[in-house]
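Here's the structure, in structure tokens; my notes come after.
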Amino acid sequence: MKRTLLIAGCCGLILSGCYPGLADTNNTGNNPTFLVFDIVSNMYHEFSPETVDIGVDAGNDGTFDYWMSADTSIVTRQSSEPRNNVGPDNWKRIIVRLDEFAGQIAKIRIVDNSETGYIAVNVVRLNNADGIMTVNGAPNGFFEEDPPLTGWNIISGNLTADQLIGADTELAATAYSTRYLTTQVNGLSDTAVIESDPFELTPISSFIYGVFAGPASSRWDKPGAYGSDNGIFAYVDLGTETENPDGVYTEGMDIPLIGFTWSNFDAGMETVIINTSGYEGRRAQFVAVDVSSTHGISLDAIRMNWDNSVITNGGFEAGVENGVLPDELTGLTPPPEAHPNGSIPGWTVNNVPLLDGSNADDPDATFTFFGRPADGYARAGRVWVGSGSLADAGGEFPDLKGVELRSDVFTIQPIPDPSQSVFMSFSAAQQTTRIDDAVNPVDGSGEDKKASIELRVDMNENGSFEDDEDFTYRQRNQGIAWNGAQKDGVDEWQFPEYRFYIETGHQGKTGQIYVEDHLTGAWAWMAADDFYFWDGQTASLAFPNADFEMGDLTNWNEEIETPDNFSGWLVSTPENVEAGLATDWFMNRVERCVWLDGEFGVDSADRNTSGGGDNMMGVLWSEPFTIPTLNGSIINDWTLME
């Protein structure tokens with residue numbers, strides 16, 4: 001399969017070639033499978049297998065199917081400045097997507113053949129396992145085992161195992177672990193190439209997804225990391241299959257969110273996947289706690305797998321879809337009782353003492369845990385929640401009171417069996433189903449500004465998709481992507497790709513894909529690509545040109561509502577734009593280009609060629625097509641509906 005690669009650096013070097021395992025669409029039917037690395041280096045934009053790099057040999061056959069240097073979703077999104085030394089604030093979290101290799105035996109190679117560069121690795125986690133409740137399948141992925149470098153083998157270089165593993169019991173190098181791998185021992189001239197023992201790329205069987213800031217897990221950081229008092233944490237409170245959770249965090253019994261990278265109160269909200277594999281069928285609650293006097297926590301888009309119905313009101317939208325929040329009228333963050341429902345539906349807010357005990361004797365201690373973005377950019381809908389007021393986004397929290405936010409009880413659900421499922425998957429960038437502003441219910445002023453990706457089902461087969469009895473699948477609670485540089489992460493492709501699991505009664509019906517962008521303001525654009533159906537056996541395009549690789553909008557229709565600066569939805573590579581095959585580049589600018597399964601896609605930003613960018617509006621919709629049935633033939637069943 002042809003991919004277009006953007007190699008490291010902002011120079012815009014474009015190469016064409018075949019390279020599996022990049023940011024490609026997961027059309028295998030496999031569950032998400034990925035490795036998480038915390039790394040720091042002085043050579044981010046000079047990575048290569050000959051100098052400094054990380055590779056994955058999927059199949060354990062000696063051929064490395066993945067190199068971080070060639071992954072366009074990572075290298076171009078690294079920190080803008082090299083990090084000359086290891087330090088708590090210098091680590092960069094990287095996710096390596098390996099869905100297509102799920103179930104294969106693999107090994108990891110970490111390379112430093114450079115006499116002027118180094119690389120350090122804090123952790124390697126398979127599927128973001130916490131290592132406390134969910135086992136980390138990567139051999140010695142926390143580098144904590146004895147003897148040093150257990151589970152890894154030195155291939156070449158001048159460093160020994162004892163030298164390669166650095167100890168950090170204080171706060172000199174890492175924020176939350178005691179050992180780490182580093183090739184910076186005697187300066188930059190040391191070299192080492194190491195490989196992990198073979199291990200299975202076991203796919204994740206269930207997960208809880210959300211977007212967080214805060215940091216959301218300082219409880220498990222070292223004392224003083226990021227200037228905190230370690231009073232913020234999020235976790236999954238586990239019960240049994242028949243008993244509810246006990247209401248308190250217990251080490252070794254509940255699933256913690258650990259190792260969350262620092263970000264700003266709200267502007268830096270980042271995606272997190274909490275691995276719940278092995279706990280399917282257990283009752284649970286999702287819990288966020290702030291007992292800190294120095295920092296706050298923000299969260300949104302809490303969901304079970306791709307199912308937004310399991311965790312009640314995980315996007316915190318219930319009760320506010322048709323109105324605005326009080327803070328949008330007054331400029332204040334309201335307490336939960338000011339919510340239109342009188343409380344936050346599906347969640348319980350409890351007051352708890354701060355770590356320093358400052359509010360222990362205050363019977364009236366209350367704290368707001370409900371708000372809208374201080375910067376105006378809703379993360380996954382109209383609202384999110386957070387333990388700070390609008391004024392607190394600047395970093396000061398003068399009126400903090402201890403607070404716990406606890407979801408209703410739910411049951412951890414497995415990702416549906418692919419042999420018994422029909423689902424539509426697609427790639428998207430930016431946040432969809434966002435609503436930045438709303439009509440003011442007091443005076444009727446204002447305008448809904450939203451974006452959405454939908455699959456519409458014509459239930460009565462009358463050719464319309466907007467009747468009351470028709471059904472719409474909407475992308476919900478999909479936030480910003482991994483590998484983003486804090487707030488700039490909103491310009492990244494989301495992982496895992498969103499899935500609409502198709503109900504039995506909707507299979508075989510007539511469907512239509514609908515993409516809308518009516519957002520305005522900064523980061524107000526959206527991209528999409530590769531609409532596939534999985535029918536229980538195979539994955540195929542929803543219909544011909546559902547991946548836009550015909551190089552035009554065959555079987556699609558578009559409406560441009562800002563014609564002065566929006567030239568059209570179809571986008572491509574800079575090479576194809578130069579050749580006149582498209583008018584605009586993918587993903588705004590060349591240094592943000594990430595190509596997915598080919599050379600064409602759609603997005604609503606024309607920044608580089610027409611002087612536009614954000615604020616452009618339009619609608620894209622497909623011709624009607626037949627939704628596949630379980631174990632049916634997608635391509636043969638596909639027909640255009642006249």
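The values are calculated or read from the model by the stated rules, or taken from the named source; none is laboratory data. The model shown is predicted, which means the values in this text are computed figures rather than measured ones. Glycine gets a Cβ as well: all are built from the backbone with ideal geometry, and neighbour counts include every protein chain shown. Keep in mind that these areas ignore ligands, DNA and RNA; they rest on the heavy atoms of the full protein, side chains included. Shrake-Rupley method; radii C 1.70, N 1.55, O 1.52, S 1.80 Å.
Backbone phi angles across the stretch 420-426, fed through the Karplus curve with coefficients 6.51, -1.76 and 1.60 (θ = phi - 60°), yield HN-Hα couplings of 10, 10, 10, 9, 9, 10, 7 Hz in residue order; Gly and Pro are listed as x.
Reported to the nearest whole Å, the Cα centre-to-centre distance from the stretch 125-140 to the stretch 231-251 is 19. Taking a ≥ b ≥ c as the square roots of the eigenvalues of the Cα gyration tensor of the stretch 109-208, is the shape rounded (a/c under 1.5), prolate (a/b larger than b/c) or oblate? Taking the square roots of the gyration eigenvalues as a ≥ b ≥ c, the stretch 109-208 is prolate.
Sorting the segments 157-163, 133-139, 528-534 by their mean number of nearby beta carbons within 10 angstrom, highest to lowest, gives 528-534, 133-139, 157-163. Surface listing: Arg282, Arg125 arranged by accessible area from highest to lowest gives Arg282, Arg125, probe 1.4 Å.
What is the gain in length, in nm to one decimal, between Glu145 and Glu466 on full extension, counting 0.36 nm per residue of separation less the C-alpha to C-alpha distance?
Working: separation 321, 0.36 × 321 = 115.56 nm, distance 5.88 nm.
The span from Glu145 to Glu466 would gain 109.7 nm if fully extended.
Rolling a 1.4 angstrom probe over the stretch 121-223 with all protein chains present gives an accessible area of which 52% lies on carbon and sulfur atoms.
Going by accessible area, probe 1.4 Å, with all protein chains left in place, what is the ranking of Glu503, Glu144, largest first? Intermediate values should be presented prior to the final figure.
Values: Glu503 95, Glu144 70 Å².
From most exposed to least exposed: Glu503, Glu144.
Given a 1.4 Å probe, how much area per residue of the stretch 110-197 is accessible, in Å²? Show your work: numbers first, answer last.
Values: 3220 Å² over 88 residues.
Here the per-residue accessible area is 37 Å².
Ser309 to Asp197: extension gain in nm, 0.36 nm per residue of separation minus the Cα-Cα distance?
Working: separation 112, 0.36 × 112 = 40.32 nm, distance 4.01 nm.
That pair, Ser309 and Asp197, stretches by 36.3 nm at full extension.
For the set Tyr180, Tyr118, Tyr501, solvent exposure ranked by accessible area (probe 1.4 Å, protein chains only) runs largest to smallest as Tyr501, Tyr180, Tyr118.
Taking all protein chains as they are arranged and a probe of 1.4 Å, the heavy atoms of Ile165 leave approximately 20 Å² accessible to solvent. The string of couplings for the stretch 187-192 from the Karplus curve (6.51, -1.76, 1.60, θ = phi - 60°) is x, 9, 7, 5, 10, 6 Hz, one whole number per residue in order, with x for Gly and Pro. Evaluated at 4 °C with a viscosity of 1.567 mPa s, what Stokes-Einstein diffusion coefficient in µm²/s does the stretch 116-169 have when Rh comes from the Kirkwood expression over alpha-carbon pairs? Estimated via Stokes-Einstein, D reaches 104 µm²/s.
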